[in-house]
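> Quick one: the structure is below, questions incoming.
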Amino acid sequence: MFADVIVDIQHEKLDKIFQYRIPERLKDELYPGLEVIIPFGKGNRQIKGYVTSLSETCNYDLSKVKEITDISRNSVAIEARLIALAAWMKEQYGGTMIQALKTVLPIKQKENAKVKKHLRLLLTEEESQEKLAFYQKKNQKARARLLEALKEAPILDYELVTKKLNVTLPVIRALEEQGVLKIESEQVYRNPVKQAKKSQQEIIYTEEQQHVIQGFRQDYLCGTRRTYLLHGVTGSGKTEVYMEMIRTVVDQGKQAIVLIPEIALTYQTVMRFYRCFGDRVSIMNSRLSAGERYDQMMRAKKGEIDVMIGPRSALFTPFPDLGLIVIDEEHEPTYKSEQVPRYHAREVAIHRAEVEDASVVLGSATPSMEAMYRARLGEYQLYEMKNRSHMQQMATVHTVDMRKELKNGNRSILSEKLQELIEDRLNAKEQIMLFLNRRGYSGFISCRECGHVVKCPHCNVSLSVHKGGKMVCHYCGYEQPKVTECPECGSRYIGEFRAGTQQIEDMVKARFPQARVLRMDMDTTKKKDSHEQILSAFANEEADILVGTQMIVKGHDFPKVTLVGALAADMSLYTDDYRSGERTFQLLTQAAGRAGRGDRPGEVVIQTYDPEHYAIEASAAQDYEAFYEKEIRYRSLMGYPPVENLMAVLAACEDEVLLEKACKYLKEYILRIKGQAQLDVIGPASPGVDKIKDIYRRVIYVKAPEYRTLVVLKDRMEQYIEINSGFQKMRIQFDFNPMNL
Ligand code: ADP
Ligand code: ZN
Ligand code: ZN
């Protein structure tokens with residue numbers, strides 16, 4: 001017998017399967033997915049690898065095939081289904097098989113689960129009575145005591161016996177030898193949530209909710225499996241719908257995975273699921289220890305739970321009979337992995353569901369362009385919930401044109417309207433959120449008088465300012481000198497837009513000295529748990545105003561918040577990213593959804609230099625359709641996803657000159673082999689961050705109508721890179737339909 005083994009060496013060029021002979025003593029123990037120790041290379045270094053399959057025949061010279069040394073005793077095995085999933089991911093997204101295997105196996109080390117021992121009585125009533133009389137006659141008190149206890153309760157906890165009954169191990173052993181009892185042990189897995197009590201509240205579903213629930217039930221019970229897109233406004237009761245769908249699946253003896261962005265995976269959310277499913281629910285998140293995570297995986301595998309809630313990686317939960325995968329807040333960029341393989345949870349979920357005969361539900365108040373595009377094509381079943389579930393109205397939105405504020409002599413970051421409303425809410429003892437829509441390194445140039453933003457003439461994304469005064473396009477590499485006056489209106493008030501949350505906090509404190517202000521951003525959330533502390537302080541009304549970045553607009557429900565201010569609403573419009581319109585619309589809509597979740601209706605102020613931009617207009621009108629129509633036209637015109645497909649080839653190297661040269665070769669190679677294939681090659685250009693820790697980075701974009709074309713191109717490029725030693729010093733990765741470059 002032989003085993004195909006993938007060797008665990010982080011080296012792109014070694015992504016091959018090696019055949020090993022299985023030694024006689026391991027024959028019965030070995031199966032695909034196990035980690036093994038194998039001799040490798042000339043020196044027969046002992047390294048690790050994964051068995052991917054077994055075979056009867058040897059494909060190589062028999063005399064050269066080496067033998068597996070041993071099974072890695074403390075490792076976690078990968079399930080066969082997940083190996084297949086990993087192979088699919090490698091094929092779709094590039095990278096090595098070992099990288100893909102490690103992705104589907106979020107926990108590597110087996111951490112010994114606690115073992116619980118108990119004693120089981122093996123004798124019948126009569127036999128016990130006889131034995132007991134015997135012990136008593138012989139005055140063997142401890143034995144008699146133990147047997148009496150077992151007669152009461154035929155299964156006893158080991159600890160209880162030794163501690164409470166004061167019976168020692170030799171006594172227990174003696175009884176075991178006489179066939180009176182058996183010592184049994186079982187593994188006990190930790191449960192990360194302590195109070196898992198079911199407490200069903202009766203809920204009357206709205207008509208919209210019922211419609212979705214019934215549609216899903218009908219499909220599911222008829223054996224129809226599909227992908228659903230649930231587009232429901234914030235507060236429309238999507239979570240309740242998910243839980244009802246899960247109930248349908250669980251009633252059929254199947255299991256469900258619920259993906260939630262880590263940031264929204266709050267205690268409140270988890271408790272809602274616990275109230276519904278009791279201790280048949282578990283969570284997976286980064287706050288659990290490796291041991292706890294391992295235990296959750298084992299509980300899932302053993303059928304101890306029905307529902308797993310967690311961020312992206314929970315997608316790989318080894319449930320025996322998966323019925324449903326829910327992806328909440330489907331549009332969130334965190335669903336895209338930033339490590340190779342750079343997979344998108346939505347795509348992998350749909351593939352896994354297809355293979356395992358499960359359904360997928362994607363939910364969002366602001367569905368991603370991808371999801372809505374697929375739904376419109378009829379690939380997903382679309383359901384809409386347009387109304388909030390009980391009473392609450394949607395917030396009233398005011399758009400303020402900041403150019404006019406400047407003309408009227410207000411140079412503050414806060415518009416007159418916003419100042420007025422803040423004053424009002426402070427007096428009414430209600431809460432306020434001020435959200436600065438800023439993203440990473442957005443160093444775009446804009447005119448404060450007319451709002452004009454300087455963009456790349458070829459790509460329609462904003463140019464970024466670089467050191468040395470150049471303005472650069474991060475897509476195609478186009479450059480021009482920095483402008484000193486506005487090309488639209490001639491104003492000299494043009495420059496880099498910069499304002500931080502710290503600045504806003506100071507300003508707000510100066511303007512409203514009576515207000516208690518909290519700030520939440522990268523700086524104030526560095527410490528573990530500080531994120532939650534700030535949010536819970538605000539929830540407990542220890543502050544009147546919460547100032548923060550986009551972090552504050554997600555997840556939590558603050559019933560006392562009746563005013564949300566979005567400062568520099570258009571800031572995220574001009575990041576150098578074709579998704580900036582989408583991100584802006586999503587953020588503003590989510591922010592508006594924060595206002596007026598309690599009894600009092602909410603108001604929202606959107607401050608912008610570009611009130612006519614369709615993303616701003618649509619979010620002010622809370623009109624998803626209007627946004628989608630405009631945005632899809634732009635994507636189609638420019639050939640961006642989801643209409644076409646984009647593959648980023650990311651190259652990184654310490655040597656900038658070598659990197660430039662390699663990118664040139666790569667681009668030439670693509671152009672040479674493209675043949676009749678319809679594709680566009682753009683770049684090489686600098687990605688948003690063009691140097692990290694002295695490693696230079698470049699990116700080549702390839703656009704094609706068909707995804708498949710890009711996958712084939714990726715395969716050929718991987719081969720080309722493998723056989724050319726010139727690329728050895730370089731790290732080259734692929735990113736399909738990138739989101740976070
Ligand atoms: P979403 O996930 O769409 O934002 P949720 O499911 O969180 O909405 O619902 C918002 C709030 O409304 C929650 O407190 C939830 O318990 C409540 N809710 C949802 N559906 C109903 C209903 N049919 N009747 C009463 N309350 C509901
Ligand atoms: Zn101008
Ligand atoms: Zn460009």
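The values are calculated or read from the model by the stated rules, or taken from the named source; none is laboratory data. Because the structure is a prediction, the values reported are computed rather than measured. Counting neighbours? That spans all protein chains shown, and the Cβs are built from the backbone with ideal geometry, glycine included.
> Among all residue pairs at least 6 apart or on different chains, which show Cβ distances below 6 Å where the first residue, located in region 508-521, is among the small types (Gly, Ala, Ser) and the second is crowded, with 16+ Cβ neighbours inside 10 Å and in a strand (DSSP E or B)?
Short answer, once both residue conditions are applied: ALA515/ILE545.
> Would you mind finding the one in GLU354, GLU370, GLU347 that is at negative phi, surrounded by fewer than 16 Cβ atoms within 10 Å (Cβ to Cβ) and not hydrophobic (A, V, I, L, M, F, W, C)? I'd like the intermediate steps shown before the answer.
Details: GLU370 fails: surrounded by fewer than 16 Cβ atoms within 10 Å (Cβ to Cβ); GLU347 fails: surrounded by fewer than 16 Cβ atoms within 10 Å (Cβ to Cβ).
Result of the check over GLU354, GLU370, GLU347: GLU354.
> What residue, of ILE432, ILE445, is within 16 Å of ligand 2 (Cβ to nearest atom), modelled with pLDDT of 75 or more and either surrounded by fewer than 22 Cβ atoms within 10 Å (Cβ to Cβ) or not in a loop (DSSP other than H, G, I, E, B) (or both)? I'd like the intermediate steps shown before the answer.
Values: ILE432 fails: within 16 Å of ligand 2 (Cβ to nearest atom).
Answer to the check: ILE445.
> Got a sec? Which of THR562, THR501, THR549, THR525 is out of contact with any helix residue (DSSP H, G or I) (no Cβ under 8 Å at 6 or more places or on another chain) and of a type in the set (Val, Ile, Thr)?
THR501
> When region 97-107 is examined, which residues are found to be surrounded by fewer than 24 Cβ atoms within 10 Å (Cβ to Cβ) and out of contact with any helix residue (DSSP H, G or I) (no Cβ under 6 Å at 6 or more places or on another chain)?
ILE98, GLN99, LYS102, LEU105
> Further question on the same structure: When only residues in region 487-517 that are within 39 Å of the chain's Cα centre (by Cα) and within 16 Å of ligand 2 (Cβ to nearest atom) count, which is modelled with the highest pLDDT?
Step by step, filter region 487-517, then rank; the result is ILE494.
> Return a yes/no flag: does region 626-636 have any residue that is surrounded by fewer than 24 Cβ atoms within 10 Å (Cβ to Cβ), closer than 30 Å to VAL472 by Cα, in contact with a Pro (Cβ under 9 Å, 6 or more places away or on another chain) and of a type in the set (Gly, Ala, Ser).
Residues of region 626-636 surrounded by fewer than 24 Cβ atoms within 10 Å (Cβ to Cβ): 626, 628-636.
Then keep just the ones that are closer than 30 Å to VAL472 by Cα; that gives 628-636.
Next cut, in contact with a Pro (Cβ under 9 Å, 6 or more places away or on another chain) only: 628, 632, 635.
Those still in the list that are of a type in the set (Gly, Ala, Ser) too: none.
Checked against the condition, which is being surrounded by fewer than 24 Cβ atoms within 10 Å (Cβ to Cβ), closer than 30 Å to VAL472 by Cα, in contact with a Pro (Cβ under 9 Å, 6 or more places away or on another chain) and of a type in the set (Gly, Ala, Ser), region 626-636 yields no hits at all.
> Give the residue that is farthest from LYS131 (Cα to Cα), with candidates limited to residues of region 147-168 that are in a helix (DSSP H, G or I) and among the β-branched types (Val, Ile, Thr). Steps first, answer last, please.
Within region 147-168, the first condition is being in a helix (DSSP H, G or I), and the residues that meet it are 147-152, 158-164.
From what's left, among the β-branched types (Val, Ile, Thr): 161-162.
Details: VAL161: 19, THR162: 21 Å.
For region 147-168, the residue satisfying everything is THR162.
> Related question: Would you say ALA662 is crowded, with 21+ Cβ neighbours inside 10 Å, in a helix (DSSP H, G or I), more than 16 Å from ligand 2 (Cβ to nearest atom) and without any contact (Cβ under 8 Å) to a residue 40 or more places away in the chain?
When the stated conditions are applied, ALA662 does not pass them.
> Looking only at region 146-161, filter to residues that are of a type outside the set (Gly, Ala, Ser) and surrounded by fewer than 16 Cβ atoms within 10 Å (Cβ to Cβ); which one of those is nearest to HIS118 (Cα to Cα)?
Per the criteria, the residue is ASP157.
> A further question on this structure: So, GLU208, is that one under 25 Å from the mean Cα position of the chain (by Cα), charged (D, E, K, R), modelled with pLDDT of 90 or more and more than 16 Å from ligand 2 (Cβ to nearest atom) or not?
no
> Right, another one. If you take the residues in region 237-259 that are in contact with a Gly (Cβ under 7 Å, 6 or more places away or on another chain) and in a loop (DSSP other than H, G, I, E, B), which one is nearest to ligand 2 (Cβ to nearest atom)?
LYS254
> Among all residue pairs at least 6 apart or on different chains, which show Cβ distances below 6 Å where the first residue, located in region 237-258, is closer than 15 Å to THR269 by Cα and the second is in a loop (DSSP other than H, G, I, E, B)?
GLY237/SER389; ILE257/THR317
> Is there a residue being of a type in the set (Phe, Trp, Tyr) and touching a Cys at 6+ places or on another chain (Cβ under 6 Å) anywhere in region 471-484?
yes
> Kindly indicate whether SER389 is within 26 Å of GLN92 (Cα to Cα) and more than 16 Å from ligand 2 (Cβ to nearest atom).
Considered against the rule, which asks whether it is within 26 Å of GLN92 (Cα to Cα) and more than 16 Å from ligand 2 (Cβ to nearest atom), SER389 comes out as no.
> Then there's this: What is the number of the single condition among (1) in contact with a helix residue (DSSP H, G or I) (Cβ under 6 Å, 6 or more places away or on another chain); (2) surrounded by fewer than 18 Cβ atoms within 10 Å (Cβ to Cβ); (3) among the aromatic types (Phe, Trp, Tyr) that PHE727 does not meet?
Condition (2) is where PHE727 drops out.
> Turning to a different aspect of this structure: Please go through region 260-273 and give me each residue that is assigned to a helix (DSSP H, G or I) and surrounded by fewer than 23 Cβ atoms within 10 Å (Cβ to Cβ), ordered by number.
Within region 260-273, the first condition is being assigned to a helix (DSSP H, G or I), and the residues that meet it are 262-264, 267-273.
Of everything in region 260-273, those that are assigned to a helix (DSSP H, G or I) and surrounded by fewer than 23 Cβ atoms within 10 Å (Cβ to Cβ) turn out to be GLU262, ILE263, ALA264, TYR267, GLN268, THR269, VAL270, MET271, ARG272.
> Determine which member of the set LEU659, LEU637, LEU650 is under 25 Å from the mean Cα position of the chain (by Cα) and of a type in the set (A, V, I, L, M, F, W, C). Reasoning before the result, please.
On the way: LEU659 fails: under 25 Å from the mean Cα position of the chain (by Cα); LEU637 fails: under 25 Å from the mean Cα position of the chain (by Cα).
Exactly one of LEU659, LEU637, LEU650 is under 25 Å from the mean Cα position of the chain (by Cα) and of a type in the set (A, V, I, L, M, F, W, C), namely LEU650.
> Still on this structure: Given (1) in contact with a Cys (Cβ under 8 Å, 6 or more places away or on another chain); (2) assigned to a loop (DSSP other than H, G, I, E, B), where does THR234 come up short, assuming only one miss?
In the conditions (1) in contact with a Cys (Cβ under 8 Å, 6 or more places away or on another chain); (2) assigned to a loop (DSSP other than H, G, I, E, B), THR234 misses (1) alone.
> Here is a further query. Out of all the residues in region 373-389, which are in contact (Cβ under 8 Å) with a residue 60 or more places away in the chain and either in a strand (DSSP E or B) or out of contact with any Leu (no Cβ under 8 Å at 6 or more places or on another chain) (or both)?
Once the filter is applied, which keeps residues that are in contact (Cβ under 8 Å) with a residue 60 or more places away in the chain and either in a strand (DSSP E or B) or out of contact with any Leu (no Cβ under 8 Å at 6 or more places or on another chain) (or both), region 373-389 yields TYR373, GLU379, GLN381, LEU382, TYR383, GLU384, MET385, LYS386, ASN387, ARG388, SER389.
> I would also like to ask the following. Please verify whether TYR220 is modelled with pLDDT of 95 or more, buried (at least 17 other Cβ atoms within 10 Å of the Cβ) and within 16 Å of ligand 1 (Cβ to nearest atom), treating the condition exactly as stated.
no
> Just checking, does region 450-462 include any residue being in contact with an Asp or Glu (Cβ under 7 Å, 6 or more places away or on another chain), away from ligand 3 (no atom under 16 Å from the Cβ) and modelled with pLDDT of 80 or more?
yes
> Continuing with the same structure: In region 669-680, what residues are of a type in the set (A, V, I, L, M) and surrounded by fewer than 18 Cβ atoms within 10 Å (Cβ to Cβ)?
LEU671, ILE673, ALA677
> Ok, one more. Count, please, the residues in region 320-347 that happen to be part of a loop (DSSP other than H, G, I, E, B) and more than 16 Å from ligand 1 (Cβ to nearest atom).
The number of residues fulfilling the criteria is 9.
> Taking the criterion of being assigned to a strand (DSSP E or B), away from ligand 3 (no atom under 16 Å from the Cβ) and in contact with a Leu (Cβ under 7 Å, 6 or more places away or on another chain), would at least one residue in region 679-698 satisfy it?
Looking for residues that are assigned to a strand (DSSP E or B), away from ligand 3 (no atom under 16 Å from the Cβ) and in contact with a Leu (Cβ under 7 Å, 6 or more places away or on another chain), one finds at least one in region 679-698, hence yes.
> Another question, then. Look at VAL461 and say whether it is touching a strand residue (DSSP E or B) at 6+ places or on another chain (Cβ under 6 Å) and buried (at least 16 other Cβ atoms within 10 Å of the Cβ).
When the stated conditions are applied, VAL461 does not pass them.
> Going residue by residue through region 76-94, is there one that turns out to be more than 26 Å from GLU347 (Cα to Cα) and either over 32 Å from the mean Cα position of the chain (by Cα) or of a type in the set (Gly, Ala, Ser) (or both)?
No, region 76-94 contains no residue that is more than 26 Å from GLU347 (Cα to Cα) and either over 32 Å from the mean Cα position of the chain (by Cα) or of a type in the set (Gly, Ala, Ser) (or both).
> Another question, if that's okay. Restricting to region 1-52, and then to whatever is within 22 Å of PRO341 (Cβ to Cβ) and of a type in the set (Lys, Arg), can you tell me which residue is modelled with the highest pLDDT?
LYS48
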